[in-house]
Amino acid sequence: MIGRRSLLTFAGLGGAALALPGTTAYAAPAPASPVAAPPGAPSSALSTAPIDLPAPTVRRTVGTVSLHLVDEDRQDPFAPVPAPRELMVQLWYPAQSAAGRPRAPYTTARVAAVVEQGLLEPGTIMRLRPTARLGAPAAPGALPLLLLGHGRKGGRANCTALAEELAAHGYLVAAVDHTYDAAAVEFPDGRLVHSVLADDPADWEATERTEIAARAADLRFVATELTTGRTVRRHHGLPCADPGRIGVLGHSMGGAAAAEAVRQDRRFAAGLNLDGGFFGSPVPDEGLDRPFLLLTSLADHETWQRWREHQRGWGRHLLQRDSGHLSFTDLPYTAGPGRLADHLPADQYTQLLGTITPARATELTRAYVRAHFDRFLRGRPSPLLNAPSPRYPEISFVWSRG
């Protein structure tokens, strides 16, 4: 069991492994061997073949665009010199047509190289192939908006398969690169900004408060920009966000920030946390008065216990068995092809990836995230949120309210 309560940094690989103390990791076998090229295939086949992410479960074209946003009213708390807070935000949305639009890259080559450094074979991340079409024209109509946050030292692309699924089902998903926190952020002018976060700060509690405050402010700013702010007024043709239907979710520290954003901002009707401790905010001791779903790979953690005691609104804590901390992201798809097992001790590999297949983990995460937001942003009740399902036996109910 990783001992530190917050994070172990793996060069930006999905943020890192969230170390939750006081929990028991399940027993699992040693990691599987890296994927080999098929018999008779050239030696280069392993390093060049595309890695297709699972397509959405409905046949609907998904578009994607990236935006450079600047919050002129806020100074960046991490910038080396005083400057307004700058963000890169990626949107996924239901599109009218894919005609003439290429498949979007997973990320930029420079960002991928930072994430891979010392852990994955070079070029692995750029082999990931999403479904979304770059710049495809948005379908008309106001869409429920979902703000999506990444793990500590992660990046906005980490949950692309989840974002594409939600977009195909009619959501506008906005994933935020939290600048100076994300492993690397590439801006349109060519600047590549690396993470400045310490791997093991002297005062974790103060550090977490600073990081979560910045993330929550980023989410609130992006929500404003996509509903009533300058971005809507200046960028014609963007998908339209419904200001009355906004949800927020995130992985790891992104999940903690999602909870804090819900606590701060009444515009956010519901929230969801994918395997993140409730660090850096009053949420564990105050609870939330709006619906919140916690989906985890570990059975329990003291911040989750405290949140359950104080949660005032509808709530669920669901356990996804056989999973690791990164099972809620796309990064398990790179583990075999990128030879991650060659670079990590077996126990850390298992804690990151578990024993579940990447495709099954994606299926589970998609199903429960969509059921949650369909219920609270669209008024579509789902039995998945009421009781265990024989279709998804890996999911067990740890706790329920409402």
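Taking every residue in region 361-382 that is in contact (Cβ under 8 Å) with a residue 12 or more places away in the chain and pairing it with any residue that is charged (D, E, K, R) and assigned to a helix (DSSP H, G or I), at least 6 positions away or on another chain, the pairs with Cβ-Cβ distances below 7 Å are 366/165; 370/165.
Which of the residues spanning region 113-169 are among the aliphatic types (A, V, I, L, M), assigned to a loop (DSSP other than H, G, I, E, B), at pLDDT 95 or above and out of contact with any strand residue (DSSP E or B) (no Cβ under 9 Å at 6 or more places or on another chain)?
As a first pass, look at region 113-169 and keep what is among the aliphatic types (A, V, I, L, M): 113-115, 119-120, 125-126, 128, 132, 134, 136, 138-139, 142-143, 145-148, 157, 161-163, 166-168.
Subsequent filtering for residues that are assigned to a loop (DSSP other than H, G, I, E, B) retains 119-120, 132, 136, 139, 157.
Now narrow it down to the ones that are at pLDDT 95 or above: 120, 132, 136, 157.
Once the filter is applied, which keeps residues that are among the aliphatic types (A, V, I, L, M), assigned to a loop (DSSP other than H, G, I, E, B), at pLDDT 95 or above and out of contact with any strand residue (DSSP E or B) (no Cβ under 9 Å at 6 or more places or on another chain), region 113-169 yields only 120.
Of the residues making up region 183-210, those that are of a type outside the set (Phe, Trp, Tyr), part of a loop (DSSP other than H, G, I, E, B) and surrounded by fewer than 16 Cβ atoms within 10 Å (Cβ to Cβ) are 188, 189, 190, 191, 196, 198, 199, 200, 201, 202, 203.
Taking every residue in region 108-123 that is without any contact (Cβ under 8 Å) to a residue 24 or more places away in the chain and among the hydrophobic types (A, V, I, L, M, F, W, C) and pairing it with any residue that is buried (at least 18 other Cβ atoms within 10 Å of the Cβ) and not in a loop (DSSP other than H, G, I, E, B), at least 6 positions away or on another chain, the pairs with Cβ-Cβ distances below 6 Å are 109/126; 112/125; 112/126.
Can you name every residue in region 316-354 that is of a type in the set (Ser, Thr, Tyr) and part of a helix (DSSP H, G or I)?
327, 333, 334, 349, 350, listed by residue number.
Just one of (1) in contact (Cβ under 8 Å) with a residue 40 or more places away in the chain; (2) more than 17 Å from the chain's Cα centre (by Cα) fails for residue 102. It is (1). Taking interchain pairs and intrachain pairs at least six residues apart, which have beta carbon atoms under 8 angstrom, with the first residue in region 281-309 and farther than 11 Å from residue 263 by Cβ and the second among the acidic types (Asp, Glu) and surrounded by fewer than 23 Cβ atoms within 10 Å (Cβ to Cβ)? Once the first residue is farther than 11 Å from residue 263 by Cβ and sits in region 281-309, its partners that are among the acidic types (Asp, Glu) and surrounded by fewer than 23 Cβ atoms within 10 Å (Cβ to Cβ) give 306/285.
Among the conditions (1) assigned to a helix (DSSP H, G or I); (2) more than 14 Å from residue 162 (Cβ to Cβ); (3) in contact with a Phe, Trp or Tyr (Cβ under 7 Å, 6 or more places away or on another chain); (4) of a type outside the set (Val, Ile, Thr), residue 375 misses just one, which is (3).
Is it the case that some residue within region 352-375 is buried (at least 16 other Cβ atoms within 10 Å of the Cβ) and more than 22 Å from residue 250 (Cβ to Cβ)?
As a first pass, look at region 352-375 and keep what is buried (at least 16 other Cβ atoms within 10 Å of the Cβ): 352-356, 358, 361-375.
Going one step further and asking which of them are more than 22 Å from residue 250 (Cβ to Cβ), we end up with 355.
Yes, because at least one residue in region 352-375 is buried (at least 16 other Cβ atoms within 10 Å of the Cβ) and more than 22 Å from residue 250 (Cβ to Cβ).
Applying the selection to region 273-307, what residues are charged (D, E, K, R) and in a loop (DSSP other than H, G, I, E, B)?
Within region 273-307, the first condition is being charged (D, E, K, R), and the residues that meet it are 275, 285-286, 289-290, 300, 302, 306.
Selection gives 275, 289, 290, 300.
Which pairs have Cβ atoms under 6 Å, sit 6 or more apart or on different chains, and link a residue in region 193-216 that is among the charged types (D, E, K, R) to one that is part of a helix (DSSP H, G or I)? Listed by first residue and then by second, the contacts come to 215/257.
The values are calculated or read from the model by the stated rules, or taken from the named source; none is laboratory data. All of these numbers come straight from a predicted model, not from anything done at the bench. Please note: Cβ atoms are built from the backbone with ideal geometry, for glycine as well, and neighbour counts cover all protein chains shown.
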